[in-house]
Amino acid sequence: MKTIIKSLSVFAVVTTAVLVSCNSPEQKVENAQDNVTQANRDLDTANKEYLADIESYRKQTAERIAANQKSIDEFNGRIANDKKEAREEYKKKIDALEQKNTDMKKTMDDYKADGKDKWQTFKAEFSKSMDELGQSFKDLTAKKS
């Protein structure tokens, strides 16, 4: 008899716990709507941050490209009094760097927001190319100095 009472008691407690913890269909729908609303807010925030990162990087890149162009202009002024052969050699190197600088600007201007993963890849590759271009400018101007 004691085991039957214990079994019924355990069954009653478990059944009560299950029934209390179950949500009604209305509560499930409401919870799902809340989850969707929160997910949409999170997505909007992530998209805003992504677009802000792109815009910030575009600004930084434009500044670096302008600095490169300024270096080109200054270097052209410094080589103006060099011998013709040296000036022509420097001019060829400067023209190549200037073309690469222009190409980098066009690449950045043409970039379209195409997903965060692609952006991160593009940004890493573009930064590496910009660093290499900047180093090429430094190397050329260091040789002239």
Q: Tally the residues that are over 17 Å from Glu63 (Cα atoms) and either touching a Ser or Thr at 6+ places or on another chain (Cβ under 9 Å) or surrounded by fewer than 11 Cβ atoms within 10 Å (Cβ to Cβ) (or both), restricting the search to the stretch 123-137.
A: 1
Q. Out of the stretch 78-97, which residues are at pLDDT 85 or above and exposed (fewer than 13 other Cβ atoms within 10 Å of the Cβ)?
A. Glu88, Lys92, Asp95, Ala96
Q.
Please count how many residues of the stretch 31-65 are of a type in the set (Lys, Arg) and free of Cβ contacts under 8 Å to residues at least 24 places away in the same chain.
A. 3
Q | Matching residues in the stretch 59-94 - criterion: being part of a helix (DSSP H, G or I), of a type in the set (D, E, K, R) and out of contact with any helix residue (DSSP H, G or I) (no Cβ under 9 Å at 6 or more places or on another chain) | A | Lys59, Glu63, Lys70, Asp73, Lys84, Glu85, Glu88, Glu89, Lys92
Q.
Considering only the stretch 77-84, I want to know if a residue exists there that is within 23 Å of Ser56 (Cα to Cα) and among the small types (Gly, Ala, Ser).
A. no
Q: Test Thr107 against the criterion of being of a type in the set (Val, Ile, Thr), touching a Ser or Thr at 6+ places or on another chain (Cβ under 9 Å), modelled with pLDDT under 85 and part of a helix (DSSP H, G or I), and give yes or no.
A: no
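The values are calculated or read from the model by the stated rules, or taken from the named source; none is laboratory data. Note that the coordinates shown come from a computational prediction; the quantities given were computed from them, not determined experimentally. Counting neighbours? That spans all protein chains shown, and the Cβs are built from the backbone with ideal geometry, glycine included.
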